[in-house]
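The values are calculated or read from the model by the stated rules, or taken from the named source; none is laboratory data. Remember, predicted model here, so these are calculated numbers, not experimental data. Here the Cβ positions follow ideal geometry from the backbone for every residue, glycine too, while neighbour counts run over all protein chains shown. Heads up: the accessible areas ignore ligands, DNA and RNA and are worked out on the full protein's heavy atoms, side chains in. Shrake-Rupley method; radii C 1.70, N 1.55, O 1.52, S 1.80 Å.
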Amino acid sequence: MDEQKLTFRRYKDGDTEHRPWQEEIFIADESHKCPTYVHRTPPCQGSCPSGEDIRGWLNIARGIEKPPEGKNWQEYAFFRLTDSNPMPAIMGRVCPAPCEDGCNRNEVEDHVGINAVEQYIGDYALEHGLKLREPGPDTGKKVACIGGGPASLAAAYQLRRRGHAVTIFDTHELLGGMMRYGIPGYRTPREVLDGEIKRILDMGVETRMNTKIGVDVSVDELKKEFDAFFVGVGAQGGAALPVPGGDATNCISGIAFLEAFNDGRLKHSARNVLVIGGGDTAMDVAAVARRLGHISHERERDRPEMVVLGHTAHDVANIANRQGAEVTIVYRRPVEKMPAAKMEIEHVTQEGVQIRSSLAPVSVVVGENGRATALRVQEVEWEGNNMTVKDTPEFDIECDLIVAAIGQVGDLTGMEDLDNGQGLISPDEFYRAAQKTDFFVGGDIIKPHLLTTAIGHAGVAAEGIDRFLAGKEPARRPKVDKHHFNLLEKLREAHLEPEPYNHKQVDGTDHANFAIHNYEDRAFVEIVPADELFLGHWQYEARHKRKEKQIGPKDVLGHFEERIHGLSEEEAQAEADRCMSCGMCFECDNCVIYCPQDAIFRVNKAQSTMGRYVDTDYNKCIGCHICEDVCPSGYIQMGLGE
């Protein structure tokens, strides 16, 4: 268990100043402020690029939010999760989980294992054949999604939900983009990836594979058939190593290396491999190179660069002769500054990859045959973001193959007018391509980032496309732009929706059935911080971690099975139960128990649902603030009366 922290101290040593005057409002134990129930966004969701209602599906998993009749909790949680992300089984495996970094539970002992629960829900959905939402009523509009990666797949899903016809164009034989060709298959198992893609296609999404825009069909031709476009072509071109000799024949890009491996052409690597870079792609290249190993009697056509560049393919018979590869990652910053996920860095280190940090490449040493024999480097030191070259001699690191994983660019052939001059596309806040009202964009072609980021782009772009097809301008985006819990939808689901309002002036609306009273929704503008939660409510509880197969240097050669195994149902529910439900009532009863006036009461069970569990009798309330003080989720705010 991580270091335990003090979770509640009302006053700290040396506190002698009074609170702000607007809080010094008590006469004895009374004040003019009474509680109101305020829904706000939890920081996990605020940190999630795809905007998942994480608190929502965790509360479903733990049994707080009940599914409607006829659904089990897994199906209901899947339905809530896929409102924003149609590929939870993949994302639960490979997303580096910025949501967990933002989790308020970190202030108690350790974050909630959000990814682990997401993977369980995604795997359950595949195992039990759960479907995505039905397409909306046909609008008669057609949208072309250019590219077959996560951005275009997510855009296609969101557009079909709105009733638009969608066709995906991709240069590959199979859909998936970087999920298939840029991440090793043992991290994104093909049966899992294919299952999640099939669900999207089953909504009526059409595909045109092996089709390159600008070569096989022009944009002008597509404009005759389609009403709008989503460009999600990714950034599948790797940047060359920008030093003298960086164009040697055996200096290749990390993107090309992984694609050759993932489509089955690359069966072995080299004896001494240098990987340049510190991101997730660099970690994947290093891990794959260790698994592939090398063959000692290598013919020229069997060299990895020949395969990666498409000149040949490896003979499967050679696999039996392969031996381990020595793999070194060279990164110019310190290890702690590597942008790769911490877990991926730990894994490659355990598998025998050497990481040499604070080394800046100077040049590639090229032999008479035009192949790199070593990388010349210089020691550097960092102060903040400023690099200084150390007064030490340059030295060479010998190698047979150099793989540069230092950047990505897109291929905008046929769409050159969208290029921002850097091989990428610059969109506006609605993810609409500059100066193009009918072109929207998402994913790595904006800026290489996470799969979940691409899914988030697609959600906003799909909404923009929908409005464009309806002849409307894109709507202003909210400050906290996520998929939020909607109390009115929940009431409708439970058949507790408000009665029609006759628009006549009425007193006593706190008892009127046409109003949702004593509830304020600030989720679109506020994220609830840890210091507004009663952290003292939470006991220390270790995170329920997924089981992980330990792969050492001696075991890594030829190991292409999943390293991490998912939680059981019991483990997933137990982990979800660690969620603090920040910004939403989770029915702990603290406010009911501790109210000295019995002013707070549970809503009648027949009228109760998520977000409508407790209410206040304001004839009894004296504004003592105790209910706010003991609310573990920050759902109660003393605002009524201002």
**Q.** Accessible area of Lys447 in the full protein assembly, 1.4 Å probe (Å², nearest 10)
**A.** 140
Q) How many percent of the accessible area of the range 524-642 is carbon or sulfur, using a 1.4 Å probe? A) 49
Q) What is the list of residues in the range 527-551 whose amide nitrogen lies under 19 Å from a point 7 angstrom out from the Cα of Arg476, following Cα to Cβ? A) 527
Q. How much mean residue ellipticity at 222 nm does the chain get from its helices, if each DSSP H run of length 4 or more adds -39500 (n - 2.57) and you divide by all residues, to the nearest 500 deg cm²/dmol?
A. -7000 deg cm²/dmol
**Q.** Estimated Rh, the range 157-228: Kirkwood, alpha-carbon pairs, angstrom
**A.** 13.7
Q. Per Stokes-Einstein, at 10 °C and 1.306 mPa s, what whole-number D in µm² s⁻¹ belongs to the chain, with the Kirkwood radius over Cα pairs as the hydrodynamic radius?
A. 58
Q | With eigenvalues of the C-alpha gyration tensor scaled by 5 and rooted, the range 373-441, Å | A | 40, 18, 8
Q) How about the range 414-467: which GluC sites (Glu not before Pro) there are in a DSSP loop, with at most 16 other Cβ atoms within 10 Å of their Cβ? A) Glu429
Q: Can you give me the three principal axis dimensions of the range 419-518 from its C-alpha atoms, in Å, biggest first?
A: 62, 29, 21
Q: Find, among the GluC sites (Glu not before Pro) in the range 142-245, those assigned to loop by DSSP (not H, G, I, E, B) with at most 14 other beta-carbon atoms within 10 angstrom.
A: Glu173, Glu225
(Q) Run the numbers for Arg376 and Tyr540: contour at 0.36 nm per residue of separation, minus the present Cα-Cα distance, in nm. (A) 54.0 nm
Q.
Suppose the chain between Glu383 and His503 were pulled fully straight at 0.36 nm per residue; how much longer would it get relative to their current alpha carbon spacing?
A. 36.7 nm
Q: Taking amide H positions as placed in the peptide plane 1.01 Å from N, state which residues far from Ala228 in sequence (5 or more) or on other chains have amide H under 5 Å from it.
A: Lys142, Ala144
Q | Links that overshoot a 20 Å alpha carbon limit, given the list Lys482/Lys545; Lys490/Lys620; Lys142/Lys224; Lys342/Lys549; Lys447/Lys545; Lys212/Lys472 | A | Lys482/Lys545; Lys490/Lys620; Lys447/Lys545; Lys212/Lys472
Q | Distance histogram in 5 Å bins (all Cα pairs of the range 507-607, percent per bin) | A | 2, 8, 11, 13, 14, 13, 11, 7, 6, 5, 3, 3, 2, 1, 0, 0
Q. With contacts defined as alpha carbon pairs under 8 Å and 6 or more residues apart, what's the relative contact order of the chain in percent?
A. 22
Q | Value of D in µm² per second that Stokes-Einstein yields for the range 245-305, Kirkwood Rh from Cα pairs, at 10 °C (1.306 mPa s) | A | 132
Q) How large is the dipole of the chain about the Cα centre if only Lys and Arg carry +1 and Asp and Glu carry -1, each at its Cβ, rounded to the nearest 20 debye? A) 1180
**Q.** Heavy-atom accessible area per residue - the chain, 1.4 Å, Å²
**A.** 46
(Q) Just to verify a number: FRET efficiency for His495 and Phe26, C-beta to C-beta distance, R0 = 45 Å, to 0.05? (A) 0.60
**Q.** Compactness of the range 90-224 as Cα Rg over 2.2 N^0.38 Å, two decimals
**A.** 1.23
**Q.** R0 of 56 Å, Cβ-Cβ distance Arg356-Asn106: FRET efficiency to nearest 0.05
**A.** 0.95
Q: Check each of the GluC sites (Glu not before Pro) in the range 78-118 and keep only those in coil by DSSP with at most 11 other C-beta atoms within 10 angstrom; list them in order.
A: none
Q: Quote the FRET efficiency, to the nearest 0.05, computed for Lys198 versus His449 with a Förster distance R0 of 25 Å and r equal to the Cβ-Cβ distance.
A: 0.45
